[in-house]
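Just below is one structure, and these are the notes that go with it.
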Amino acid sequence: MRLGKLTTEELSQNVLNKIKKVNSEVLMGAAIGEDCAVIKTDSEFNYLITADPITGATKDSGMLAVEICCNDIAASAGSPLAIMLTVMVPPETPLKTISDIIEEAQHTAEKYGVEIAGGHTEFTDAVNRPIISAFAIGKVKNKGKTSTSISNGDKILVSKFLGLEGTFIICNENQDIKNQLSNEEVSFLINIKNN
């Protein structure tokens, strides 16, 4: 059994080479290393759109869905506006689980001034744990920052730690790992969750 993303080569050969450019208003479409597409508007701003699933986390998945999409838009130099969530849960899932996911998402969305503009929820036997797929839209001046707009000599600002999302999910999901962390490291994880 295989889990995780496709390799760059697999993505190129099986996905990206199947997608053709058909609309000139899509200034930046599907590409390796791009988390957002850029859609042209008639104003000084363009739209950024992004989508991400939450498949590896069961705890704090509502928060993560919003955080990850807002981060994609911010990484392209944009401001997030709205997000839509698709929440799919196994048939035996209590309604409280769905309610908790949406409550987490709403709390996180408010932190960024992002509106949950809709989505879809359903019980399905196609999943064995809750899965959230998030789609977000933001605005950006011009094309924003893309991997193709970066050149030698540009400076990259890292405001936090690299690998923070994955580290948070692993530690949040695995009590054995969490038990090996210092009080300072646990406080750091709690701070990430609460801020």
Query raised in the report: Counting pairs of Cα atoms in segment 15-83, how many percent are more than 19 Å apart?
Result: 42
Report summary line: For the Glu10, Asp42 Cβ pair and Förster radius 41 Å, calculated FRET efficiency rounded to 0.05 is 0.60
Query raised in the report: Looking at the P(r) of segment 16-160, how many percent of alpha-carbon pairs lie beyond 19 Å?
Result: 56
Query raised in the report: Going down the list Lys5/Lys141; Lys18/Lys111; Lys20/Lys96, which pairs span over 32 Å between their C-alpha atoms?
Result: Lys18/Lys111; Lys20/Lys96
Query - Average projected area [Cα convex hull, segment 71-124], square nanometres - result: 4.0
Query raised in the report: Which value in nm describes the separation of the simple spin-label points at Leu27 and Val127, placed 7 Å from the Cα toward the beta carbon?
Result: 3.3
Query - Qualifying GluC sites (Glu not before Pro) in segment 62-127, DSSP loop, other Cβ atoms within 10 Å at most 15 - result: Glu92
Requested in this report: Would you compute the Debye intensity of segment 37-116 from its alpha-carbon atoms alone, equal scatterers and no solvent, and pass along log10 I(q)/I(0) at q = 0.12, 0.14, 0.17, 0.27 Å⁻¹ to two decimals?
Outcome: -0.38, -0.50, -0.69, -1.35
Requested in this report: Keeping all protein chains in place, calculate the accessible area per residue for segment 30-139 (probe 1.4 angstrom), answer in Å².
Outcome: 50
Query raised in the report: If you stretched the chain out fully between Asn152 and Thr58, how much longer would it get, using 0.36 nm times the residue separation minus the C-alpha to C-alpha distance?
Result: 29.9 nm
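The values are calculated or read from the model by the stated rules, or taken from the named source; none is laboratory data. Here the structure is a predicted model, which is why all the values come from computation and not from measurement. Reconstructed Cβ throughout: ideal geometry from the backbone, glycine too, with neighbour counts over all protein chains shown. Just the protein is used for accessible areas: all its heavy atoms, side chains included, with ligands, DNA and RNA removed. Shrake-Rupley method; radii C 1.70, N 1.55, O 1.52, S 1.80 Å.
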